[in-house]
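Take a look at the structure below.
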């Protein structure tokens, strides 16, 4: 169990997501987090998860009035939260959008109260529009976030906006793909082969950022056309991977500048499991800092789903 001091005002049980499962119990001035209980799709992990929640509720003598959970209706953590709410008089459900929980976790760890640009590059999470999200740009604070930009829903990414699915698609295109053995394998495998030579540091593929009403859409189609052309020229996979990373970094930089001008915000949160890719994360953080942004990152948790329950609790407490 990990204890974190935070100015919580309410007693909350936050149930986390599915992978890197965990939960957060809060009382005045602090939160208690249990992380990495496995994948809740596995029966044994889900049984252990439920036992741990009951154990620590009793040991800490916390009687939550709010139970926060993910938006995804098929997550066992969501079903558990809803079932517990039905059984317990006065226990109110508080659904939290997955990627907003990532942002709130980082804000809570760093005691950030003001407005931020939240860049969340992740695997998959239920979106407010019923689609699967995962390549998201938000602006706002703990009282609410606006979705400002995202990856366009295309067949390339399985009609989701997932950044991890974009990496998987590139991984497949360059011929690295074998049997998928774990979530985010495309992100990891492409990072491993990046050509770090200075002569490819500025190679960037074409991309399109398209205005769409009050948002920007990132169209990855030109990236794949450029990669296909490089493959025809027998350009090495390591150079292609480097150029792809450079392109993603440039997309984020350009969008952050657009959002900064529009929303007058200079603080940026980088979170989501894709940012476990250190080539992507370190280069992007350094360049955004050089651009004059204040880049805020996780202090106590990983950027993967192990931070979700704390973020859910932070948002539930703020409302």
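The values are calculated or read from the model by the stated rules, or taken from the named source; none is laboratory data. What you are looking at is a predicted structure, and each value in this text was computed from that prediction instead of being measured. Methodologically, a virtual Cβ is constructed for each residue, glycine included, from the backbone with ideal geometry; neighbour enumeration extends over all protein chains shown.
Only a single criterion out of (1) in a helix (DSSP H, G or I); (2) within 15 Å of the chain's Cα centre (by Cα); (3) modelled with pLDDT under 95 is not satisfied by residue 123, namely (1).
Conditions (1) touching a residue at least 24 places away in the same chain (Cβ under 8 Å); (2) under 16 Å from residue 103 (Cβ atoms); (3) assigned to a helix (DSSP H, G or I), marked per residue:
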| residue | (1), (2), (3) |
| --- | --- |
| 243 | yes, no, yes |
| 248 | yes, no, yes |
| 252 | yes, yes, yes |
| 257 | yes, no, yes |
| 260 | yes, no, yes |
| 269 | yes, yes, no |
| 280 | yes, no, yes |
| 286 | no, no, yes |
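Filtering 263, 250, 232 for residues that are surrounded by fewer than 13 Cβ atoms within 10 Å (Cβ to Cβ), on the phi < 0 side of the Ramachandran plot and either touching a strand residue (DSSP E or B) at 6+ places or on another chain (Cβ under 7 Å) or at pLDDT 95 or above (or both) leaves a single hit, 232.
The listed residues are 289, 271, 297, and the only one of them that is under 30 Å from residue 11 (Cβ atoms), in contact with a strand residue (DSSP E or B) (Cβ under 9 Å, 6 or more places away or on another chain) and either surrounded by fewer than 17 Cβ atoms within 10 Å (Cβ to Cβ) or at pLDDT below 95 (or both) turns out to be 297. Just one of the listed residues (77, 105) is assigned by TED's automatic domain parsing to the domain that holds residue 46 and not in a loop (DSSP other than H, G, I, E, B), and it is 77. Checked against (1) assigned to a helix (DSSP H, G or I); (2) surrounded by fewer than 19 Cβ atoms within 10 Å (Cβ to Cβ); (3) touching a residue at least 40 places away in the same chain (Cβ under 8 Å), residue 9 passes all but condition (1). Candidates are the residues of the range 28-44 that are within 15 Å of residue 306 (Cα to Cα) and in contact (Cβ under 8 Å) with a residue 24 or more places away in the chain; the one that is surrounded by the fewest Cβ atoms within 10 Å (Cβ to Cβ) is 36. When the range 45-74 is filtered for residues that are assigned to a loop (DSSP other than H, G, I, E, B) and surrounded by fewer than 21 Cβ atoms within 10 Å (Cβ to Cβ), the ones remaining, listed by number, are 61, 62, 63, 65, 71, 72, 73, 74.
If we scan the range 80-92, do we find a residue that is farther than 28 Å from residue 270 by Cβ and in contact with a helix residue (DSSP H, G or I) (Cβ under 6 Å, 6 or more places away or on another chain)? Within the range 80-92, one or more residues are farther than 28 Å from residue 270 by Cβ and in contact with a helix residue (DSSP H, G or I) (Cβ under 6 Å, 6 or more places away or on another chain). Within the set 127, 144, the sole residue that is in the same structural domain as residue 251 (by TED's automatic domain parsing), exposed (fewer than 15 other Cβ atoms within 10 Å of the Cβ) and more than 24 Å from residue 282 (Cβ to Cβ) turns out to be 144.
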